[in-house]
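The numbers here are math on the coordinates, done by the rules we state, and not lab data. Worth saying up front: this structure is predicted, and the values here are computed from it rather than measured. Every residue, glycine among them, receives a Cβ derived from its backbone with ideal geometry; neighbour counts consider all protein chains shown.
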Amino acid sequence: MGGVLEGIRVLDFGRYIAGPFCAALLGDLGADVIRIERVDGGEDRVVQPVTDDGMGAMFLQVNRNKRSLTLNPLKAEGREVVRRLVASADIVVANLPPPTLVQMGLDYETLRSIKADIILTTVNAFGSGGPWSDKVGFDGLAQAASGNLHLSGTAEQPTRAFAPYVDFSTASLSALATMAALRHRDLAGEGQVLEGALLRTALTMTNAAVIEQDLLGLDRVATLNRGQTSGPADTVPTADGWVMCLVIGNYQFERWCEMVGRPELAHDERFKTDELRGDNGEELSAVMRAWCATRTTTEVLRIMEEHKVPGGPVYTPQQVLEDDHVDAIGFLEPVAYPTAAKPIRTARFPVSMSASPGTIRMRPPQLGEHTEEILTSLGYDPNEVRALRDARVI
């Protein structure tokens, strides 16, 4: 069995992360995903180049389990190819601005006129209905507009998260919604249009902070890595590296106090609750720094484990690659790519499933690798394919 979505066809008109990773997750679950991109290739192919021909790490991650078709859908012949593709498909994924969807014939009304029960999954930056609806945006801008940058870094320097968590979270939520739309189609026999938005995702992540501000008006400012709602919660230097300590709840705090040789702190009025420990966390971080200063990372983590105090190493990407636990869980799967110096260690479907797991069945496609194969399946003969290529429709 190829996966629970075997027999479902997805047309991926996405770019960068939010659309393509949504489609990749559906591909992991067995869908036939066709990536449609410009004749000369999309600019997202070359972000963080890592191969001899400049393919980007991001592209290689989010485009596994796909076939590649190059196409210019703005030409009349290209629109006909789109029409045939849509007629054969179940889902269209497109993280493109609404005017571009209309221009390319990918708006919901046009798609529905071709395939009545089609599901259109769209992603944009800021969501429809407001003055920012047509603004172009990326992950970092959604982080900024959600309050995350203000609460990260320091009060003097707002700081974005290095990893594009908004993009990947939006893709994951859009894939979840798409699965729900498939279930709705099974029950009601109709398709629908879905809209994911980076800002809505980012606001989901910062909602608790927004609720707190709305109800209490605390006007929090950033405290770098030190947590504000419990403590000690901070990154701390050791004799040879860094660890993160993350203590939540009275039981963990009492164990931490014993561990660092300061049992009296468990009875200090300043540290009676998580909220108070967050308010007075700078002093707790100072105690942890002093305790860690003469100990190696390995020693610190061993003692924390013995006392059941939550902690972990602060890794570089190279240390991630070398970690025994990361290796043991088998999450980074080596995937061969023709122009890569060695197999690409690609993150698998992120949820383990005992009966219907997501799998990586196909490496990311080279540009236009499956164009003729796909067009032939749509009824084009070799002469028609050649004519489309000569006209740079494909």
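In table form, for the structure just shown:
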read-out: The stretch 139-252: mean projected area of Cα convex hull, nm²; value: 11.0
read-out: Partner lysines for Lys308 [C-alpha distance under 22 Å; skip if fewer than 8 residues away on the same chain]; value: Lys272
read-out: Relative contact order [Cα under 8 Å, 6+ residues apart], the stretch 233-314, whole percent; value: 46
read-out: Average Cα contact separation per residue, the chain, under 8 Å, 6 or more apart, as relative contact order %; value: 19
read-out: At q = 0.10, 0.11, 0.19, 0.20 Å⁻¹, base-10 log of I(q)/I(0) for the stretch 68-153 (Debye sum, equal scatterers on each alpha carbon); value: -0.34, -0.41, -0.88, -0.94
read-out: Kirkwood Rh, angstrom, the stretch 344-394 [1 / mean 1/r, Cα pairs]; value: 14.0
read-out: Ala188/Leu74 FRET efficiency (R0 41 Å; Cβ-Cβ; nearest 0.05); value: 0.75
read-out: In degrees, nearest ten, helix 76-87 long axis to first principal axis of the chain (Cα); value: 70
read-out: Within the stretch 363-390, backbone nitrogen closer than 11 Å to the virtual label 7 Å beyond the Cα of Ala87 toward Cβ; value: 378-380
read-out: Geometric extent, Cα atoms of the chain - Rg, Dmax (angstrom); value: 25.0, 84
read-out: Debye intensity ratio in log₁₀ form over the Cα atoms of the stretch 4-106, taken at each q of 0.19, 0.21, 0.22, 0.25 Å⁻¹; value: -0.94, -1.12, -1.20, -1.40
read-out: Quarter of Cα convex hull surface for the stretch 89-206, i.e. mean projection, nm²; value: 8.0
read-out: Label-zone membership for the stretch 41-55, site Gln366, 7 angstrom Cα→C-beta point, backbone N under 15 Å; value: 41, 51-55
read-out: Per-bin percent of Cα-Cα distances, the stretch 244-283 [10 Å]; value: 32, 65, 3
read-out: Length released on extending from Asn280 to Thr229, taking residue separation times 0.36 nm less the Cα-Cα span; value: 17.4 nm
read-out: Under 13 Å, Cβ to Cβ, from Thr359 - net charge with Lys/Arg +1 and Asp/Glu -1; value: +1
read-out: Taking all pairs of distinct alpha-carbon atoms in the stretch 302-394, Kirkwood radius in angstrom; value: 17.9
read-out: FRET efficiency, 1/(1 + (r/R0)^6) with R0 22 Å, evaluated for Glu212 and Leu246 via beta carbons; value: 0.70
read-out: Column: log10 I(q)/I(0), Debye, Cα scatterers of the stretch 227-304, q = 0.14, 0.17, 0.18 Å⁻¹; value: -0.38, -0.57, -0.63
read-out: Descending Cα extents along the principal axes, the stretch 157-204, whole Å; value: 52, 14, 12
